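The values are calculated or read from the model by the stated rules, or taken from the named source; none is laboratory data. These numbers were taken from a predicted model, which means no experiment stands behind them. Quick reminder, even Gly has a Cβ in these numbers, built from the backbone with ideal geometry, and neighbours come from all protein chains shown. These accessible areas exclude ligands, DNA and RNA; they are computed on the full protein's heavy atoms, side chains included. Shrake-Rupley method; radii C 1.70, N 1.55, O 1.52, S 1.80 Å.
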Amino acid sequence: MPDETPSTTIPDTPRAEKRPTTRTHHGDTFVDDYEWLRDKSDPDVIAYLEAENAHTQGATAHLAPLRSRLFEEIKSRTQETDLSVPVREGGYWYVTRTVEGKQYPVHVRIPVDSPDDWTPPALPDDGSALPGEQLLLDQNVEAEGHDFFSLGSFDVTPDGARALYAVDVDGDERYLLRVRDLTTGEDLPDAVPGTSPGAFFAPDGEHLFYTTVDDAWRPDTLWRHRVGDPVEDDVKVFHEPDERFWLGAGLTRSRQFIVIEMGSKITSEVWLLPADDVTGDPRVVWPRREGVEYAVEHVILPDAGGERADAVLVLHNGGSGEAPENFELALSKLPGGEPLVPEHAVTVVPSSSGTRLEDVDAFDGHVVVSFRRDGLARVGVVPLSPLTGPFAPAFTGSEAAEPWDVQEIPFDQPLFTVGAGANPEFGQPAVRLAYASFVEPATVYDYVVATGELRELKRQPVLPDPDGRPFDPAEYVQRREWATADDGTQVPVSLVWRRDALGLDNAGTRAEPAPLLLYGYGSYETSIDPSFSIARLSLLDRGVVFAVAHVRGGGELGRRWYDDGKELTKKHTFTDFVAVGRHLVGAGWTSPERMVADGRSAGGLLMGAVANLAPELFAGIHAGVPFVDALTSILDPSLPLTVVEWDEWGDPLHDADVYRYMKSYTPYENVRDDAAYPRILATTSLNDTRVLYVEPAKWTARLRDVGAPVLLKTEMSAGHGGVSGRYARWEEIAFEDAWILDVLGLAGA
């Protein structure tokens, strides 16, 4: 980490000039003093953000030694030169390498020994070169000369002759797509600007597909490009005109179909294009129905006679009768001349009130089902051979079927997360899994379907800290508790701490209130699953308890958990978080003066709402890229992503009830003159296209008006995910964690 010399002078607290504008909707007029900060082409705006950065730098200068120490702890514990577990695709094993001193990964490959070679080659402990290794793409080379770099697409043709890659050097998530000849290592003339992430080759290796966005940054159009042809000749394959829907595309694992998916927050539609006829016409699987979501996976079904039949697996919440709230898995015939309908599908994994089906992956002879039960992500396997009845070649999609027996792959930790990893080959005999918990480093397994063997391939290395102390998972404890919300709902809380910290033991006996960091998100049905973090060890080893409030609006407890925290029930997200905080205080885990709240993006909205609801409950609040001016954004359909968000938050532009409801909780409009706010740190990025920098800029200016102790830090060359490059990211984490430790009174620890 670069040396930092603490300044003895803190620049004056910036005061944004008030330039009032008015906004009137549904008979309500709001005076906005700081909307002028939206124009980042205005030199006054840039000057104000730079003044805020200077003030934040001065106000945190005393933390420079702690930041350096935290950075060194992350760096020391990380194996900087390392290799990912090889993934077989076609005739090669593909590997990603990190190199000490380099910000970005390097992509390489080695040839397989034979067509039956499914055992990943052994990895050298020092991350050195593999025998026969070929360099494909060095992100460090591509990033040279740029303050920001992000790789949005990377794919290789089935014959291994070409690669495509797409890069963003501004942070605005618009990527320049290039094609590389892997024989020579040289880029071809093909260059497509303004693409979205996720470009891919067709199986013929001659065509590639990519998406572009509209003015609101919504991916809306799929294009086909023939390698070597002018970009001007690219063909528009599909366009989605509905502003609520995003468009995406990909190739099935069988490589027989190109899948075109359109989805809003509550409705989806899928079209299939035969991959051997890329110039043909795609066909819809199920025509869209408002409120019905589904995803499709191509499956090849065997029968007892050795025949095989094509079908599609459909994971959906539609169909006839009562809607399957937590989704069900069905078999359907391939789309033909007439569109299919959910009522003609055969249910093979029924919906369950206690299990949320989340994903399905089909292979040659088995299917992998990802699901969630008791708040934890799980994986199960269904063997497909031999099968009869509706799974025979004569399958028409109208028969009944016995439910599949999904064989869950067990793990013994009380809190964990597991999911399907990189599994590109249809015929691979093992399923690659990614596993982690709060106390166990990320681990990659192969699950051998035929034998049930679970093979550990690699566990994330954790090296000793700068003082030489090794990492021991047994020194850390994780557990789950339940807090009672205002309406009686039980809200899960995950906790992890160092076993010897402040007298905490495995039973949770506490000698005194501990310093505690409480994290939350609670939107988009996103689940905050147990995960391991090397950076978090620096907090845990200083006696900090890390807790996650699994509030409504997330997906931890199924679809209803999500529905109870969106649109006109959104306030449940905020009151749940406050209830968790009060539970932790009441149970003796911590106290208000020793608790900091943390959230990013929509979790930043949660932080802003909580600051207004219960400022007395926290000593500090960190809001990262926070969605704190939500009503202004959702009212303006010309802003990026606004219309697609109406299904999540409601449409305040056309619905007066939604307008009034949102105005009653959005943080910017509800800053309180009578509140004693805790210390607040807001972090953002100038080029963020998802949550614009102006939201935290306006919010912090308004907080200053009421005397809140607030800091604003803006990355001037980054996007929604923050700075790019792992060392730069470690510096960002060190800055945020040093501030958190300072608030907790642990800056000297």
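For the stretch 416-470, the strands (runs of 3 or more DSSP E) that sit wholly inside it and include 3 or more residues that are at pLDDT 95 or above and basic (Lys, Arg) are 453-459. Residues that are closer than 21 Å to ILE534 by Cα and of a type in the set (Val, Ile, Thr) do occur in the stretch 83-95, at least one of them. Taken over the stretch 510-550, residues that are open to solvent by 30 Å² or more (accessible area, probe 1.4 Å), within 19 Å of PHE416 (Cα to Cα) and among the aliphatic types (A, V, I, L, M) amount to 1. Residues in the stretch 190-231 that are in contact (Cβ under 8 Å) with a residue 60 or more places away in the chain, outside any strand (DSSP E or B) and not aliphatic (A, V, I, L, M): 5 in all. Taking the listed residues PRO696, PRO652, the one that is within 20 Å of PHE627 (Cα to Cα), open to solvent by less than 30 Å² (accessible area, probe 1.4 Å) and part of a loop (DSSP other than H, G, I, E, B) is PRO652, with no other qualifying. Within the stretch 629-647, one or more residues are aromatic (Phe, Trp, Tyr), more than 30 Å from LEU744 (Cα to Cα) and open to solvent by 10 Å² or more (accessible area, probe 1.4 Å). Residues in the stretch 217-226 that are open to solvent by 20 Å² or more (accessible area, probe 1.4 Å) and either in contact with a helix residue (DSSP H, G or I) (Cβ under 8 Å, 6 or more places away or on another chain) or over 17 Å from PRO282 (Cβ atoms) (or both) were compared, and the one that is modelled with the lowest pLDDT is TRP217.
Within the stretch 52-93, the set of residues being touching a helix residue (DSSP H, G or I) at 6+ places or on another chain (Cβ under 6 Å) and at positive phi is empty. Could you tell me whether the stretch 307-316 includes any residue that is assigned to a loop (DSSP other than H, G, I, E, B) and modelled with pLDDT of 95 or more? Among the residues of the stretch 307-316, not one is assigned to a loop (DSSP other than H, G, I, E, B) and modelled with pLDDT of 95 or more, which makes the answer no.
Within the stretch 125-149, the only residue that satisfies the criterion of being open to solvent by less than 40 Å² (accessible area, probe 1.4 Å), assigned to a loop (DSSP other than H, G, I, E, B) and closer than 20 Å to THR78 by Cα is GLY127. Being at pLDDT below 95 and surrounded by fewer than 19 Cβ atoms within 10 Å (Cβ to Cβ) is a description that applies to ASP214. The requirement of being touching a helix residue (DSSP H, G or I) at 6+ places or on another chain (Cβ under 7 Å) and closer than 30 Å to THR98 by Cβ is satisfied by ARG498. All conditions in (1) at pLDDT below 95; (2) outside any loop (DSSP other than H, G, I, E, B); (3) touching a His at 6+ places or on another chain (Cβ under 8 Å) hold for ALA295, with the sole exception of (1). Is at least one residue of the stretch 679-693 β-branched (Val, Ile, Thr), open to solvent by less than 40 Å² (accessible area, probe 1.4 Å), part of a helix (DSSP H, G or I) and out of contact with any Ser or Thr (no Cβ under 8 Å at 6 or more places or on another chain)? No. Per this entry, THR195 is counted among residues that are closer than 25 Å to LEU135 by Cα and modelled with pLDDT of 95 or more. With respect to the conditions (1) of a type in the set (Val, Ile, Thr); (2) touching a Phe, Trp or Tyr at 6+ places or on another chain (Cβ under 8 Å); (3) crowded, with 16+ Cβ neighbours inside 10 Å; (4) not in a helix (DSSP H, G or I), ILE74 falls short on a single one, namely (4).
Listed here are the strands (runs of 3 or more DSSP E) enclosed by the stretch 520-627 that have at least 1 residues being in contact with a His (Cβ under 6 Å, 6 or more places away or on another chain): 595-600.
When ALA734, ALA749, ALA738, ALA728 are checked against the criterion of being in contact with a Leu (Cβ under 8 Å, 6 or more places away or on another chain), at pLDDT below 95 and small (Gly, Ala, Ser), a single residue qualifies: ALA749.
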